[in-house]
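Data block below; observations after.
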Amino acid sequence: MDAAEFRRRGKEMVDYVADYLEKIEKRQVFPDVEPGYLRPLLADCAPQDPESFEDVFKDIEKIIMPGVTHWHSPYFFAYFPAASSFPALLADMLCGGIGCVGFSWASSPACTELETVMLDWLGKMVNLPEEFLAGKDGQGGGVIQGSASEATLIALLAARTKTIRQVQSEQPELTEAEIMGRLVAYASDQAHSSVERAALIGAVKIKNVPSDDTFSVCGSALKKVLDEDKAAGLIPFFFCATLGTTPCCSFDKLLELGPICNKENIWMHIDAAYAGSAFICPEFRHLLNGVEFADSFNFNPHKWLLVNFDCSAMWVKKRSDLIGAFKLEPLYLQHHHQESGLVTDYRHWQIPLGRRFRSLKLWFVLRMYGVKGLQEHIRKHVRLSHQFEHFVLQDERFEICAEVVLGLVCFRLKGSNELNEALLQSINDAKKIHLVPCHLREKFVLRFAICSRTVESTHIKFAWQHISQLATDLLKTWEQNHHQE
């Protein structure tokens with residue numbers, strides 16, 4: 001394909017993507033395929049001779065689309081939102097076109113410097129304390145990771161290195177292995193599984209701190225676990241606080257937890273993967289109060305801020321903590337500006353060496369929506385979640401299972417877990433809308449997350465009427481079956 005054909009085909013592809021997104025609600029939200037559907041549709045091995053773009057393009061609808069779950073459909077209410085917008089898609093094209101691998105300042109100065117400035121912009125939008133910003137000569141700063149899971153792992157590994165060095169300076173007779181064996185990380189029993197996975201990769205113990213009846217961790221619960229572990233000779237070193245848990249969007253009590261972590265010299269990382277975007281709205285910013293006690297903070301613009309995947313924003317108070325944990329300097333990666341103090345080499349802030357020019361899409365979206373446009377997007381989603389909550393509360397067969405704060409509603413039929421499992425199955429079998437469940441204590445609960453950029457009040461009404469009708473049908477057959485028993 002030469003440049004002339006690329007121009008032509010590129011325009012066709014843009015039209016195809018625009019049509020796909022414009023007409024997405026006509027597509028069934030969840031595919032009708034069985035596992036293994038794709039292999040028989042493809043040749044056994046790659047073609048020896050080149051094929052035409054037409055042949056490849058034809059196969060998108062024939063082979064790929066039948067197996068796609070349409071995350072951007074206004075009937076998709078599962079997981080959490082996956083952000084997307086036209087400015088972000090255009091920026092991603094430019095990112096692919098420039099094709100730099102931004103592991104150091106010298107490998108592409110604009111790639112590094114735009115990221116530093118964009119994370120300062122974003123930090124100011126959520127009103128982060130000054131220490132987290134790079135500014136002209138700050139100690140902190142932000143970096144774009146691939147996902148919140150990566151950010152948690154990076155924070156945990158940096159905390160581990162910092163603690164081992166500290167303990168060794170106080171007790172030089174201890175080996176690194178002896179210290180590692182005593183380290184303990186902590187997170188809420190509602191925290192995302194990626195926190196446990198970070199501890200697994202980091203080869204340290206992790207303990208769940210029990211959450212209260214609002215599914216939040218409070219200070220007294222953390223203190224109790226810490227006191228027990230210290231008495232047993234263990235070394236608490238890392239706590240991951242969650243703002244907006246995956247099951248029900250609950251918030252750990254930072255103002256109680258932060259001072260404890262600071263006093264005990266424990267690295268506090270805040271995972272606000274979904275909820276963090278909402279903090280750009282003044283009315284939700286109080287949910288971040290206590291961030292001043294944290295060592296690191298992360299949220300995903302690629303969930304709720306119209307920047308498509310992958311773009312996970314992470315800030316640290318002391319960038320030297322990250323660099324100290326990950327810095328290696330082979331000659332082929334060195335450059336003559338690196339000691340100037342003006343330069344960030346992001347390879348020291350992350351797991352991979354290479355990185356894409358991800359700040360471009362942040363720059364496009366922040367400029368083309370403006371803070372006000374992004375705030376309106378968040379507020380609209382929150383309004384729609386309260387609309388759905390209102391429908392649920394009007395139907396005495398149903399109950400709400402956790403406070404609705406942002407764009408997630410946790411609800412269920414009053415009755416057994418089996419009944420609610422059957423309801424979810426009938427919803428997802430009908431494939432008109434798509435939901436996923438969670439467990440809250442012993443209850444099987446349905447999660448209704450407002451996800452799509454194009455979702456409107458009419459889609460919420462349709463979803464509720466559909467769920468309500470399926471519940472009516474289910475309860476009829478359920479009662480008949482149970483009478484017969």
Three-way shape call for segment 100-356 based on the alpha-carbon gyration tensor, with the a/c threshold at 1.5: oblate
Listed residues ILE98, ILE144 arranged by accessible area, highest first, probe 1.4 Å: ILE98, ILE144
Segment 3-82: relative contact order as a whole-number percent, Cα under 8 Å and 6+ apart: 46
Length-normalised contact order for the chain - Cα pairs under 8 Å, 6+ apart - percent: 21
Charge dipole of the chain about the Cα centre (unit charges at C-beta), most positive-ward option of ASN127, HIS269, MET13: ASN127
Peptides ranked, highest mean first, by Cβ atoms within 10 Å: ranges 381-391, 296-306: 296-306, 381-391
Neighbour net charge for SER108 - beta-carbon separation under 14 angstrom, K R +1, D E -1: +1
Per residue solvent-accessible surface (Å²) - segment 131-190, probe of 1.4 Å: 41
Charge dipole magnitude, Cβ of K and R +1, D and E -1 - the chain, Cα centre, debye nearest 20: 800
Å² per residue, accessible surface of segment 338-405 at 1.4 Å: 48
For HIS70, net neighbour charge (Lys/Arg +1, Asp/Glu -1) across residues whose Cβ lies under 15 Å away: +1
1.4 Å probe accessible area per residue over segment 3-82, in Å²: 70
Gain in span if fully extended, GLN480 to LYS263, counting 0.36 nm per residue against the direct Cα distance: 72.1 nm
Antiparallel bridge percentage (DSSP; both residues within the chain; nearest 5): 55
Accessible surface ranking that places the most exposed of MET314, MET65 first, with a 1.4 angstrom probe: MET65, MET314
Amide H partners (placed H, <5 Å) of LYS207, local residues excluded: ALA185, TYR186, ALA187
Alpha-carbon centroids, segment 1-51 and segment 441-485: separation in whole Å: 33
Relative contact order %, segment 27-124, counting alpha carbon pairs below 8 Å whose residues are six or more apart: 25
Helical segments meeting 27 Å axial Cα length and Kyte-Doolittle -1.0 threshold in the chain (DSSP H): 3-22, 148-170, 359-394, 457-484
ASP137 - accessible surface, heavy atoms, 1.4 Å probe, Å² rounded to 10: 130
The chain - mean residue ellipticity at 222 nm from DSSP helices (-39,500 (n - 2.57) per run, n ≥ 4, rounded to 500): -14000 deg cm²/dmol
Charge context of GLU456, other residues only, Cβ under 12 angstrom, K/R +1, D/E -1: +3
Positive-end residue, the chain charge dipole about Cα centroid, Cβ charges, pick of ASN208, GLY96, VAL445: GLY96
Which of PHE411, SER73, PRO259, positive extreme of dipole for the chain (C-beta unit charges): PRO259
Long pairs among LYS11/LYS124; LYS372/LYS443; LYS136/LYS372; LYS372/LYS414, criterion Cα-Cα beyond 32 Å: LYS11/LYS124; LYS372/LYS443; LYS372/LYS414
Low-density loop positions, GluC sites (Glu not before Pro), segment 144-183 - DSSP coil, at most 14 other Cβ in 10 Å: GLU173
Charge dipole (debye, nearest 20) of segment 100-356; +1 at Cβ of Lys and Arg, -1 at Cβ of Asp and Glu: 260
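The values are calculated or read from the model by the stated rules, or taken from the named source; none is laboratory data. Computed from a predicted model, the values in this text were never measured in an experiment. We place every Cβ from the backbone using ideal geometry, glycine too, and count neighbours over all the protein chains shown. In case anyone asks, the SASA skips ligands and DNA or RNA and just uses the protein heavy atoms, side chains included. Shrake-Rupley method; radii C 1.70, N 1.55, O 1.52, S 1.80 Å.
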